[in-house]
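Right, one structure below, let's go through it.
The values are calculated or read from the model by the stated rules, or taken from the named source; none is laboratory data. Since we're looking at a predicted model, the values are computed, not measured. Every residue, glycine as well, gets a Cβ built from its backbone with ideal geometry; the counts of neighbours run over all protein chains shown. In case anyone asks, the SASA skips ligands and DNA or RNA and just uses the protein heavy atoms, side chains included. Shrake-Rupley method; radii C 1.70, N 1.55, O 1.52, S 1.80 Å.
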Amino acid sequence: GENVEQHPSTLSVQEGDSAVIKCTYSDSASNYFPWYKQELGKRPQLIIDIRSNVGEKKDQRIAVTLNKTAKHFSLHITETQPEDSAVYFCAASWDSGGGADGLTFGKGTHLIIQP
Amino acid sequence: NAGVTQTPKFRVLKTGQSMTLLCAQDMNHEYMYWYRQDPGMGLRLIHYSVGEGTTAKGEVPDGYNVSRLKKQNFLLGLESAAPSQTSVYFCASSYVGQEAFFGQGTRLTVV
């Protein structure tokens, strides 16, 4: 099955600086790569996702890049703010119209924004 | 529009007891999933369903059973709870290859 590795496990950055979280996956059939943000005691919520036919996607201060050849994808957060402090999870899955697997998650990155 | 709702939110069980967690979604999603979340382990897939009447095993299915008798509901059962099943359980639903929406979670403690 799919295996997703995520690094780093903890990331501390100064407010206003950029943060980058990286993930690698093992199954070349995976074609959907979402990123979730989870605040303490809350449910995971999607912040951005990317599909295998796209190399980069941006939404305001958040961007995701995908390198299918190397099987890795990254989350970039610019101009970090205190409300960005949370645990971030990457995930991978495949779908083929007639069926789909569940999302396989990385172990998470605890992002700490220092004032 | 409630999204994904889990029942109960908290539960304490004694070793060997059984219980059922209920997940209900009102978005007409085909796909439903049960995950468990443990510190440092991320979210691990227990079982999932790609449609009414279907279920499949995920990464950590042992000790759990599921049923999807109605499209909107996905039940997770623990027949004989063990301390190793102490965890936070999340249900999620989605269309194929689309965003998964999560429930608020169930915090289960087995003593």
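Per Stokes-Einstein, at 10 °C and 1.306 mPa s, what whole-number D in µm² s⁻¹ belongs to the range A:48-115, with the Kirkwood radius over Cα pairs as the hydrodynamic radius?
Working: Rh = 13.7 Å.
It diffuses with D of about 116 µm²/s by this estimate.
One equal scatterer on each Cα of chain B, no solvent, Debye formula: the resulting log10 I(q)/I(0) at q = 0.10, 0.13, 0.18 Å⁻¹ is -0.25, -0.42, -0.82.
Which whole-number percent of Cα pairs in chain A have a distance greater than 21 Å? Walk me through the intermediate numbers first.
On the way: 2158 of 6555 pairs.
Here the tail beyond 21 Å accounts for 33 percent of pairs.
Among DSSP bridges having both ends in chain B, what percentage is antiparallel? Round to the nearest 5.
Working: 34 of 38 bridges.
Antiparallel bridges: around 90 percent, rounded to the nearest 5.
With the highest mean first, a sort of the peptides A:9-21, B:83-95 on other beta-carbon atoms found within 10 angstrom per residue produces B:83-95, A:9-21.
Reducing the range B:1-68 and the range A:1-46 to their Cα centroids gives an inter-centroid distance of 22 Å. Once the Cα-Cα distance is subtracted from the 0.36 nm per residue extended length, the B:Met27 to B:Leu69 segment shows a gain of 13.5 nm.
Considering only protein heavy atoms and a probe of 1.4 Å, how much of the accessible area of the range B:13-54 is carbon and sulfur, as a whole percent? List each step's numbers first, then the result.
Numbers: 850 of 1680 Å².
Its accessible area is 50 percent carbon and sulfur atoms.
Percent of Cα-Cα pairs more than 24 Å apart in the protein assembly as shown, please. Don't jump to the answer; show the numbers that get you there.
Working: 11108 of 25425 pairs.
Everything past 24 Å amounts to 44 percent.
With both partners inside the protein assembly as shown, how many of the DSSP beta bridges are antiparallel, as a percent to the nearest 5?
Details: 71 of 80 bridges.
Here the antiparallel bridges make up roughly 90 percent for the protein assembly as shown.
Shielding by partners for peptide B:93-103, expressed as the average number of C-beta atoms from other protein chains within 10 Å of each residue's C-beta, is 6. Set the Förster radius R0 to 45 Å, insert the Cβ-Cβ distance between B:Phe10 and A:Ala70 as r into 1/(1 + (r/R0)^6), and round the FRET efficiency to 0.05. Calculated transfer efficiency: 0.55. For peptide B:43-50, the mean count of partner chain Cβ atoms within 10 Å of a residue's Cβ comes to 5. Taking every residue in A:32-43 and counting other chain Cβ atoms within 10 Å of its Cβ, the average works out to 3. My understanding is that a pair violates if its Cα-Cα distance is over 21 Å; which of A:Lys71/A:Lys107; A:Lys57/A:Lys107; A:Lys58/A:Lys107; A:Lys37/A:Lys107; A:Lys22/A:Lys107; B:Lys9/B:Lys57 do that in this structure? Beyond 21 Å: A:Lys57/A:Lys107; A:Lys58/A:Lys107; B:Lys9/B:Lys57. Can you compute log10 of I(q)/I(0) for the range A:1-65 with the Debye formula, treating each Cα as one identical point scatterer, at q = 0.18, 0.23, 0.28 Å⁻¹? With one equal scatterer per Cα and no solvent, log10 I(q)/I(0) is -0.85, -1.30, -1.46.
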